[in-house]
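Engineer: The structure that follows is given in the form of structure tokens.
All of the numbers you see were taken from the coordinates with simple rules; none came from a lab. These numbers were taken from a predicted model, which means no experiment stands behind them. All Cβ positions, even for glycine, are placed from backbone atoms using ideal geometry, and neighbour counts span all protein chains on display.
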Amino acid sequence: MPRIVPFLWFDDQAQHATEYYTELFPDSRIDGVGRAPDGSVLVVDFTLMGQPYRAMNGGPGHPFTDALSLQVDVDTQEELDRIWDALIAEGGHPVACGWLVDRWGLSWQVTPSMMGELMAAGGDHAAATRVYEAMRDMVKLDIAALRSAAAPA
């Protein structure tokens with residue numbers, strides 16, 4: 001059966017990036033490293049939280065954009081903070097509304113696993129609007145503040 005494997009093009013840091021990602025997330029590992037004839041790393045197959053990926057050292061000219069991002073759903077503020085801080089470390093930067101760009105230029109969304117429920121607010125349009133407006137004012141998401149915005153007025 002065919003499967004879809006996200007493929008990430010790095011200039012020359014595929015192995016370093018994938019090692020960092022697999023140390024950061026549970027249920028993650030490097031599955032294989034393919035080398036060019038000169039022995040340099042060409043392709044890295046890896047798994048993040050059970051999802052397979054492939055990364056390649058393809059050289060410059062194909063930078064990541066925010067048109068593609070990886071979304072990480074977390075259950076607690078502590079988990080959100082840990083992952084957020086690790087991904088913006090050493091040259092990454094926050095963007096807005098739970099989005100950030102890591103040191104390799106890859107966009108991520110670090111979001112509460114209950115975000116869909118909070119945004120739907122049980123069909124309460126006013127509460128959903130409050131959640132949306134609260135989220136828009138945040139850079140790193142604050143689960144308690146989002147829950148508070150979802151609470152009945």
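Engineer: Which residues, taken from region 1-23, are under 13 Å from residue 63 (Cβ atoms) and not in a loop (DSSP other than H, G, I, E, B)?
Structural biologist: 8, 9, 10
Rundown of residues vs (1) surrounded by 17 or more Cβ atoms within 10 Å (Cβ to Cβ); (2) charged (D, E, K, R); (3) more than 23 Å from residue 26 (Cα to Cα), yes/no style:
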site: 55; (1), (2), (3): yes, no, no
site: 58; (1), (2), (3): no, no, yes
site: 72; (1), (2), (3): yes, no, no
site: 80; (1), (2), (3): yes, no, no
site: 112; (1), (2), (3): yes, no, no
site: 119; (1), (2), (3): no, no, yes
site: 137; (1), (2), (3): no, yes, yes
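Engineer: I've got another one for you. In this structure, does residue 72 turn out to be in contact with a helix residue (DSSP H, G or I) (Cβ under 7 Å, 6 or more places away or on another chain) and free of Cβ contacts under 8 Å to residues at least 40 places away in the same chain?
Structural biologist: no
Engineer: Quick one: in region 1-33, of everything that is exposed (fewer than 13 other Cβ atoms within 10 Å of the Cβ) and not charged (D, E, K, R), which residue is nearest to residue 71 (Cα to Cα)?
Structural biologist: This residue is 6.
Engineer: Still on this structure: Any residue at all in region 69-81 that is within 12 Å of the chain's Cα centre (by Cα) and under 16 Å from residue 10 (Cα atoms)?
Structural biologist: yes
Engineer: Moving on. Would you check if there is a residue in region 55-77 being of a type in the set (S, T, N, Q), in a strand (DSSP E or B) and out of contact with any Phe, Trp or Tyr (no Cβ under 8 Å at 6 or more places or on another chain)?
Structural biologist: No, region 55-77 contains no residue that is of a type in the set (S, T, N, Q), in a strand (DSSP E or B) and out of contact with any Phe, Trp or Tyr (no Cβ under 8 Å at 6 or more places or on another chain).
Table: residues versus (1) loosely packed, with under 13 Cβ neighbours inside 10 Å; (2) among the aromatic types (Phe, Trp, Tyr); (3) over 18 Å from the mean Cα position of the chain (by Cα).
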{"site": "38", "(1), (2), (3)": "yes, no, yes"}
{"site": "45", "(1), (2), (3)": "no, no, no"}
{"site": "91", "(1), (2), (3)": "yes, no, no"}
{"site": "133", "(1), (2), (3)": "yes, no, yes"}
{"site": "143", "(1), (2), (3)": "no, no, no"}
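Engineer: Just to confirm my filter: which helices (runs of 4 or more DSSP H) fall fully inside region 87-151 and include at least 2 residues that are closer than 30 Å to residue 11 by Cβ?
Structural biologist: Fully inside region 87-151 and qualifying: nothing.
Matching residues to (1) farther than 25 Å from residue 118 by Cβ; (2) touching a strand residue (DSSP E or B) at 6+ places or on another chain (Cβ under 7 Å); (3) of a type in the set (A, V, I, L, M, F, W, C):
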residue	(1), (2), (3)
12	yes, yes, no
19	yes, yes, no
28	yes, yes, no
32	yes, yes, no
39	yes, no, no
45	yes, yes, no
74	no, yes, yes
